[in-house]
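Colleague: Okay, here's the structure, questions in a sec.
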Amino acid sequence: MEISVIGAGYVGLTIAVGFASLGYKVTVYDKDEGKINFLINGVAPLQEPGLGDLLKKVNNNLEFTHNFDDTISSSQILFIAVNTDFKNGKVRLSNFNRTIKQILRQKNLEDKTVVIKSTVPIGTTENVEKTLKGKFGNKVRVAFNPEFLREGHALQDFLNPDRIVLGVNDKVTKEILLQLYEAINAPKLFVDFKTAEMIKYASNAFLATKISFINEIANLCEIFGADIRKVSDGIGLDKRIGKDFLNAGIGFGGSCLPKDLKTLIYLAKQKKYEAKLLDSVRLVNEEQISRFVKKIEKALRGKPKKIAVWGVSFKGGTDDIRDSPAIKVIKQLIKKGYEISLYDPKALQNAKKELRGNVSYFDNYLEAVSEKSALLVLSDWREFLSFDLDETRRRMKDYYFFDGRNLFNPEEVKSKGFLYFCTG
Ligand code: UDX
Ligand code: UDX
């Protein structure tokens, strides 16, 4: 079986390299010519652990092309992994719809299986199937196969998933997909299209709910004087709750959790259902940013408005700043007249494109803190934990330490002479 992947983003490129490592021949198309040129030269255009190395290793099984039609003709299985969006109160499917139009321009799609990886509103796959079968007849097959990979663990998550969800409408497609994923040892859940689409939204909405839940409890811990980290441990040990995604802080961001949550609320509204719980999850997440900013303002009243920030990506381990809570905190602080010195191990280039105003950028974490009143930790890079806090303190003018990710051990930070603030 030969595979094509349309869209060489985090999802598309990961699955392309992943399938190539399983021995499949994979052709990759992206409308962004720069990306394809990078890939033709053996360079991954995005930061993902292990991806660049594996890309080089399995290069013989990979082909990158600027030509959409070549992509289609060369394969039996066609993955669509272009990005979908939610902006200004609406679902944005223009990239996805464009791809479907490009597919419709083909002469023949006989015996090809179009597999949708992009997260799409419930009912989309059914419409795509109708449209494609309407033009090409019953010999074209359609499936929806959501991707659950996390950035920073993308390859690992693709090759060792907790489950593979497959939305199919007929037995032949089921057999083809079983064969495709044969080498991956994970439960395979075959369901109808709409159920598969809902599983994707529900998974991300649930993870978002867990985070807003723990953030609300953390806010209550602050009010009542309890310790959120121990509360998280205490409830997480209950297997029914589970310990993952109970880390309090400035909230969730990234290209998926906020978007999928808002989309589900929007889809519900269109059907005249008010998704009250999900809307509160969204609200708690948004307010977490201003709560944190208020905490900073209150503590720093009367101090020079010079602040260092470590971490701008939406979480540690990635250069991705899409919907990053760190960016939101920084923007609010700039508006309030603060001067920001920013350090991030990988995301500075992306941050430069997004931030305006009083920000300077540092490749060195110690230079960033020099003569500053406060240090904010806004994404959870593990490597921050091995930074030299004694030297950090020596270089600072004042010793305010705001940990927006509850990353550091409070006692340890305090023992270095800092005034430590976190969530809960
Ligand atoms: C993926 C999914 O596709 C999205 O639906 C899901 O909700 C999140 O994960 P992701 O891989 O993160 O998106 O997106 P991105 O990194 O932006 O990659 C998408 C790629 O598709 C880009 O490289 C873009 O250039 C390409 N693209 C977009 C096309 O090739 N054709 C288009 O018409 C539009
Ligand atoms: C998410 C889903 O986990 C993945 O299954 C889906 O395919 C894509 O969306 P990702 O966007 O890579 O993956 O990030 P994730 O690790 O889920 O983190 C999302 C956000 O939540 C980050 O901003 C992170 O910092 C935040 N988070 C996570 C918390 O604030 N607390 C936690 O306990 C966990």
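Colleague: Quick check: is even one residue across segment 359-369 surrounded by 15 or more Cβ atoms within 10 Å (Cβ to Cβ), over 28 Å from the mean Cα position of the chain (by Cα) and at pLDDT 95 or above?
Modeller: Yes, there is a match, as at least one residue in segment 359-369 is surrounded by 15 or more Cβ atoms within 10 Å (Cβ to Cβ), over 28 Å from the mean Cα position of the chain (by Cα) and at pLDDT 95 or above.
Colleague: Same structure, new question: Being open to solvent by less than 60 Å² (accessible area, probe 1.4 Å), within 15 Å of ligand 1 (Cβ to nearest atom), more than 30 Å from LEU54 (Cβ to Cβ) and β-branched (Val, Ile, Thr): is that true of VAL115 here?
Modeller: Spelling it out, it is not the case that VAL115 is open to solvent by less than 60 Å² (accessible area, probe 1.4 Å), within 15 Å of ligand 1 (Cβ to nearest atom), more than 30 Å from LEU54 (Cβ to Cβ) and β-branched (Val, Ile, Thr).
Colleague: Now for a different question. Name the residues in segment 409-424 that are part of a helix (DSSP H, G or I) and of a type in the set (Gly, Ala, Ser), would you?
Modeller: The answer is SER415, and nothing else.
Colleague: When you scan segment 124-142, do you find a residue that is assigned to a loop (DSSP other than H, G, I, E, B), under 28 Å from the mean Cα position of the chain (by Cα) and either within 15 Å of ligand 1 (Cβ to nearest atom) or among the basic types (Lys, Arg) (or both), even just one?
Modeller: Looking for residues that are assigned to a loop (DSSP other than H, G, I, E, B), under 28 Å from the mean Cα position of the chain (by Cα) and either within 15 Å of ligand 1 (Cβ to nearest atom) or among the basic types (Lys, Arg) (or both), one finds none in segment 124-142, hence no.
Colleague: Residues of segment 6-40 being away from ligand 2 (no atom under 16 Å from the Cβ), open to solvent by 10 Å² or more (accessible area, probe 1.4 Å), under 21 Å from ASN350 (Cβ atoms) and not in a helix (DSSP H, G or I), which ones?
Modeller: ASP30, LYS31, ASP32
Colleague: Taking the conditions exactly as written (part of a helix (DSSP H, G or I), of a type in the set (Asp, Glu), open to solvent by 20 Å² or more (accessible area, probe 1.4 Å) and within 15 Å of ligand 1 (Cβ to nearest atom)), does ASP53 satisfy them or not?
Modeller: When the stated conditions are applied, ASP53 does not pass them.
Colleague: Right, something else. In segment 260-285, what residues are free of Cβ contacts under 8 Å to residues at least 12 places away in the same chain, open to solvent by 90 Å² or more (accessible area, probe 1.4 Å) and not basic (Lys, Arg)?
Modeller: GLN270, TYR273, GLU274
Colleague: Follow-up. I'd like the full set of residues that are among the small types (Gly, Ala, Ser) and open to solvent by less than 80 Å² (accessible area, probe 1.4 Å), limited to segment 403-415.
Modeller: Correct list: GLY404 only.
Colleague: Further question on the same structure: What's the number of the condition ASP157 fails, among (1) surrounded by 20 or more Cβ atoms within 10 Å (Cβ to Cβ); (2) within 16 Å of ligand 1 (Cβ to nearest atom); (3) in a helix (DSSP H, G or I)?
Modeller: Checking ASP157 against (1) surrounded by 20 or more Cβ atoms within 10 Å (Cβ to Cβ); (2) within 16 Å of ligand 1 (Cβ to nearest atom); (3) in a helix (DSSP H, G or I), the one that fails is (1).
Colleague: Quick one: in segment 292-301, which of the residues that are open to solvent by 100 Å² or more (accessible area, probe 1.4 Å) and assigned to a helix (DSSP H, G or I) is farthest from LYS331 (Cα to Cα)?
Modeller: Checking each candidate, the answer is LYS298.
Colleague: Pick from segment 212-259 the residues that are without any contact (Cβ under 8 Å) to a residue 24 or more places away in the chain and open to solvent by less than 30 Å² (accessible area, probe 1.4 Å): which of them is nearest to ligand 2 (Cβ to nearest atom)?
Modeller: The selected residue is SER232.
Colleague: For segment 74-88, check the following and say yes or no: at least one residue is assigned to a strand (DSSP E or B), more than 16 Å from ligand 2 (Cβ to nearest atom) and at pLDDT below 95.
Modeller: yes
Colleague: Hey, among PHE64, PHE96, which residue is in contact with a strand residue (DSSP E or B) (Cβ under 8 Å, 6 or more places away or on another chain), closer than 27 Å to THR318 by Cβ and outside any helix (DSSP H, G or I)?
Modeller: Testing whether each residue is in contact with a strand residue (DSSP E or B) (Cβ under 8 Å, 6 or more places away or on another chain), closer than 27 Å to THR318 by Cβ and outside any helix (DSSP H, G or I) leaves just PHE64.
Residue-wise test of (1) in contact with a Gly (Cβ under 7 Å, 6 or more places away or on another chain); (2) in a loop (DSSP other than H, G, I, E, B); (3) open to solvent by 10 Å² or more (accessible area, probe 1.4 Å).
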| residue | (1), (2), (3) |
| --- | --- |
| GLY337 | no, yes, yes |
| SER341 | no, no, no |
| ALA351 | no, no, no |
| GLU391 | no, no, yes |
| PHE401 | no, no, no |
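Colleague: Search segment 250-277 for residues being farther than 30 Å from GLY317 by Cα, outside any loop (DSSP other than H, G, I, E, B) and among the charged types (D, E, K, R), and hand back the single one that is nearest to ligand 1 (Cβ to nearest atom).
Modeller: Selected residue: LYS269.
Colleague: On to the next question. Does segment 315-325 contain at least one residue that is in a strand (DSSP E or B), within 25 Å of CYS221 (Cα to Cα) and open to solvent by less than 10 Å² (accessible area, probe 1.4 Å)?
Modeller: Scanning segment 315-325 turns up no residue that is in a strand (DSSP E or B), within 25 Å of CYS221 (Cα to Cα) and open to solvent by less than 10 Å² (accessible area, probe 1.4 Å).
The values are calculated or read from the model by the stated rules, or taken from the named source; none is laboratory data. In this text the structure is predicted, and so the values were computed from the model without any measurement. Note that we place each Cβ from the backbone using ideal geometry, even for glycine, and neighbour counts take in every protein chain shown. Heavy atoms of the whole protein, side chains included, go into the accessibility calculation; ligands, DNA and RNA do not. Shrake-Rupley method; radii C 1.70, N 1.55, O 1.52, S 1.80 Å.
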